[in-house]
Each structure stands twice: as structure tokens, then as C-alpha cells.
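Reading through the C-alpha cells given below for one structure.
The values are calculated or read from the model by the stated rules, or taken from the named source; none is laboratory data. No experiment lies behind these values; they were computed from the predicted model shown. Neighbour counts run over all protein chains shown; Cβ positions are idealised from the backbone, glycine included. All accessible areas refer to the heavy atoms of the entire protein, side chains included, with ligands and DNA or RNA removed. Shrake-Rupley method; radii C 1.70, N 1.55, O 1.52, S 1.80 Å.
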Amino acid sequence: MSIIDGKAISAEIRQGLTGRVAELKKKGITPGLAVVLVGEDPASAIYVRNKERGCTDTGIYSEVHRLDEQTTQEELLALVEQLNTDEKIHGILVQLPLPEHIDEMAVLRAINPDKDVDGFHVISAGRLFVGEKGFVACTAKGIITLIKSTGIDITGKTAVVVGRSNIVGKPVSMLLMEQNATVTMCHSRTKDLAKVCAGADILVAAIGRPEMITGEFVKQGAIVIDVGTSRVDGKLKGDVLFAEAEKKAAYITPVPGGVGPMTITMLLENTVEAAKLHG
């Protein structure tokens, strides 16, 4: 069993991004990312600070718009439109979740698809669906990068994705198919889930239930990617029961230190790509 070190892989990619940013700056282009945070959700606040730090480390210009919990949808949409037309901003990210009185999809649709570095716009999703080049949801993009880091060819492999969210499950399934895997997407109503998962050469757990994926779900020699991040008694737990899964997996991501570091790194990479396109 080998642990897929998301921290190390992320650090290597960021080093490369720093060089790419420097080259763009020589051409008079400074990649710019704007993050919008509405309310004071503690997890979101930490995530936004990490994004700021990532931008600083790689030389990307960043600005954070922190808005009050009571901000109206109209006010938020006005800010998004302002950022759409701001030439120094190449990427826009509206931190989710938003307060209940705001329609998330309406806000995501308002972002210019060419600045949609989070990959959540319906046009970005559509481009992925039909195989056109576009921005891919950051966690899904990071997962594929981690799988490829093993050196194992995805072509022809049986992949099972547990979870069907727009943020992870659906896009990672599309990306796996793009890499010529045979993909099964599972969810809460899948029958004989353990049996389905146990047939997977590549198992991606993104269901949001701590340590639900036990050893019986894992095929001997599989690649196991754990996307889960749940707080249990003050500790971060993944969707996979690591102690059991590691005995059967050939490669496995830990929690923390696996998928998590890759998400922000892919956001930075998307921002650099956006700047390159705009330039």
C-alpha cells in the first residue's frame, strides 16, 4: 500500500505555477482572483484564508469581498457583474454555501463562464459533458491529478464514484470517462453498494458520511480516493475507514492531506489558465 501524498503533489504543482505566473508578469499580465464570501461560516472563512495564502505564495493578485450575512441577492449579483467587467480579475469564486435567502444557481449563472475558475457554471459543466475545453470543478480536477500521480493508466479500468453532487461526483465521473474508464456512479439508493464498490479498480468516495466505506467495499489492489471531510469529536474523518481500506488498497489518499490540498491548487491553476486566455 502506498499513500498518495496530496500535500507533496500540491506543493510541486504550485512551484510550477509560480514560474508560470512569473512568465505572464513579464508579458504584463498578472493573474487575478476575486473571492466573494457572504456571511461568517467558520469553515468557509478558513478556506478563503487558505486561498489568499495560496495566491500570495504563487504571485497571483487576489482580493476578497467579505459581505454581511444579510446581503441581498441583488447586491451580490451587482458585485458579480462588477467583477465580470474588471480587467484585473481573471477568475471569480463565490464561496458556497450562500445564506438561504440567496439563490445559489442564480449567482453562479451570473459569473462570466470565462472567469468561472470554480467550474460550477452550467456552461462549464456543459463543456465538460460534451468534451469541450473549459474550467473543471477544482476538487474533481484534483482527484484525477492524484490518480494519475500513481502512474497507473486509467484506460480500461473499472471506476466507482460514490456520490453524485455537482461539485464532485458528477464532474469526476465525466473526467474518468474522458480518461476511458468504465464508470459507475453510486448514491444513497444504490443497492448492494459494498458489492458494487468491491468491483472497482478505482474507488472515489464522496458521499459525506464518515468512515462509511469499510474494508469490504475495497477491491484488493484498488486505488482509493477519499474526498470526505467530516468533523467527529473534533477530528477530521474521511468517508473511508482508513485502517481497513489501507490493508487492501494499492494506493490510498489520507484525510487530511490527500484531496484537500489539491482543491485550492487546482483553483490557482484555473486562475492562471484564465489569465493566459485573457492575455
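Can you work out ³J(HN,Hα) from phi for every residue in the range 79-92, in order, using Karplus 6.51 cos²θ - 1.76 cosθ + 1.60 and θ = phi - 60°, giving whole Hz and x for Gly and Pro?
5, 4, 5, 4, 5, 4, 9, 7, 5, 7, 9, 9, x, 10
Ordered by packing density, taken as the mean number of other Cβ atoms within 10 Å over each peptide's residues, highest first, how do 96-105, 261-270, 179-188 rank? If you can, show how the numbers build up before the last one.
On the way: 96-105: 14.3, 261-270: 25.1, 179-188: 16.8.
Descending mean neighbour count gives 261-270, 179-188, 96-105.
For a quick check, take a GNM of the chain with Cα springs below 10 Å and name the residue from Asp201, Asp239, Asp68 with the largest mean-square fluctuation.
Per the Cα network of the chain with a 10 Å cutoff, Asp68 tops the list.
Mind checking which aspartates and glutamates have their C-alpha under 15 Å from Lys195, skipping anything on the same chain fewer than 8 residues away?
Glu216
What trypsin sites (Lys or Arg not before Pro) in the range 178-279 are in a loop by DSSP, with at most 15 other Cβ atoms within 10 Å of the Cβ?
Arg189, Lys191, Lys247
With a 1.4 Å probe and every protein chain left in place, work out the accessible area per residue of the range 181-279 in Å², rounded to a whole number. Intermediate values should be presented prior to the final figure.
Numbers: 4400 Å² over 99 residues.
I get 44 Å² per residue for this part.
Only bridges with both residues in the chain count here: give the DSSP antiparallel percent, nearest 5.
Working: 3 of 32 bridges.
Beta bridges within the chain, antiparallel portion: roughly 10 percent.
May I ask for the angle, rounded to the nearest 10°, between helix 169-178 and the longest principal axis of the chain, with both axes built from Cα atoms and the value confined to 0 to 90°?
For helix 169-178, the angle is close to 80 degrees.
On average, how much accessible surface per residue is there in the range 45-111, in Å², for a 1.4 Å probe, leaving out ligands, DNA and RNA?
That works out to 53 Å² per residue.
At a 1.4 Å probe radius, carbon and sulfur cover how many percent of the accessible area of the chain?
On the way: 6640 of 13200 Å².
Of the solvent-accessible surface of the chain, carbon and sulfur hold 50 percent.
Starting from 0.36 nm per residue, how many nanometres of slack lie between Lys191 and Lys7 once their C-alpha separation is accounted for?
Values: separation 184, 0.36 × 184 = 66.24 nm, distance 3.50 nm.
Difference between extended and current length: 62.7 nm.
Assign one of three labels to the range 229-279, namely rounded, prolate or oblate, based on the Cα gyration tensor with a ≥ b ≥ c the square roots of its eigenvalues; rounded applies when a/c is under 1.5, prolate when it is not and a/b is larger than b/c, and oblate otherwise. Walk me through the numbers on the way to the answer.
Numbers: a/c = 5.86, a/b = 2.21, b/c = 2.65.
It is oblate, given that a/c is not under 1.5 and a/b is not larger than b/c.
Could you give me the percent of Cα pairs per 10 Å distance bin for the range 147-268, shortest bin first, beginning at zero and ending with the bin that holds the maximum distance?
14, 49, 33, 3, 0
Where is the GNM fluctuation largest for the chain (alpha-carbon springs, 10 angstrom cutoff): Thr145, Thr71, Thr253?
Ranking Thr145, Thr71, Thr253 by mean-square fluctuation puts Thr71 first.
Which value in Å is the Kirkwood Rh of the chain over different Cα pairs? Please report the intermediate quantities before stating the final value.
Details: mean 1/r = 0.0517 Å⁻¹.
Here the Kirkwood hydrodynamic radius works out to 19.4 Å.
Filter Lys7/Lys115; Lys115/Lys235; Lys7/Lys235; Lys133/Lys157; Lys88/Lys235; Lys51/Lys191 down to the pairs with a C-alpha to C-alpha distance above 28 Å, please.
Working: Lys7/Lys115 26 Å; Lys115/Lys235 35 Å; Lys7/Lys235 19 Å; Lys133/Lys157 24 Å; Lys88/Lys235 40 Å; Lys51/Lys191 39 Å.
Where the Cα-Cα span goes over 28 Å, the pairs concerned are Lys115/Lys235; Lys88/Lys235; Lys51/Lys191.
For a quick check, take a GNM of the chain with Cα springs below 10 Å and name the residue from Gly228, Gly131, Gly215 with the largest mean-square fluctuation.
Gly131
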